[in-house]
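Notes for the one structure printed next.
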Amino acid sequence: MKYEKIIRLKNGKQCLLRNAFESDAQAVIDIFNLTHEETDYLLSYSDEHVLDIEGERKFLKNKFDSENEVQILALVDNVVVGMAGIGAIGATYKLKHRAELGISVAKEFWSLGIGKALMEACIE
């Protein structure tokens, strides 16, 4: 799924929502580490991130090429401030309808509408 949309945040700034690309691997690792340090309400802690830069590139390429998975970034002033992803749980017929969803936004950008926009992007 190809996705790109510009939204206006509650503070008046623009935020670009778009697919994550292989070239975003370091930015994705950085925002993962930041957001997972800022709250206890995500699935893991920052030190539990298991992908190195090459692994992250492969992960993002697979998401971009997938027909049923997606990784979307939220950028403000060309800086990744949040992300959302949908991952398939299984490929067998009985599991094809199951998926996991994750959304994280840097604390500095909470309450501006980014999380809601990322959720709506995933639904689209």
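The values are calculated or read from the model by the stated rules, or taken from the named source; none is laboratory data. All figures in this text were calculated on a predicted structure; none of them were measured in a lab. Note that we place each Cβ from the backbone using ideal geometry, even for glycine, and neighbour counts take in every protein chain shown. With ligands, DNA and RNA removed, areas are computed over all heavy atoms of the protein, side chains included. Shrake-Rupley method; radii C 1.70, N 1.55, O 1.52, S 1.80 Å.
Quick notes on this one:
- Neighbour-limited loop hits for GluC sites (Glu not before Pro), the range 34-75 (at most 12 other Cβ within 10 Å; DSSP other than H, G, I, E, B): Glu67
- GNM top mover of Val70, Val79, Val28 - the chain, alpha-carbon springs below 10 Å: Val79
- Choice from Phe32, Phe59, Phe21 with maximal GNM fluctuation in the chain (Cα, 10 Å cutoff): Phe59
- Rg to Rh, two decimals, where the chain supplies the alpha carbon set and Rh follows Kirkwood: 0.95
- 5 angstrom amide H check on Leu42, placed H, neighbours 5+ away: none
- Listed residues Val50, Val81, Val105, most fluctuating in the chain (Gaussian network, C-alpha, under 10 Å): Val50
- Accessible carbon and sulfur surface of the range 47-113 relative to its total accessible area, %, 1.4 Å: 51
- Dipole axis of the chain (+1 Lys, Arg; -1 Asp, Glu on Cβ), positive-most option in Ile53, Ile72, Tyr3: Tyr3
- The 3J(HN,Hα) values that the Karplus relation (6.51, -1.76, 1.60; θ = phi - 60°) gives for the range 19-31 are, in residue order, 4, 7, 10, 3, 5, 8, 3, 5, 5, 5, 4, 5, 5 Hz. Gly and Pro appear as x.
- Karplus 3J(HN,Hα) series, Hz, for the range 4-11 with 6.51 cos²θ - 1.76 cosθ + 1.60 (x for Gly, Pro): 7, 7, 9, 10, 9, 7, 4, 8
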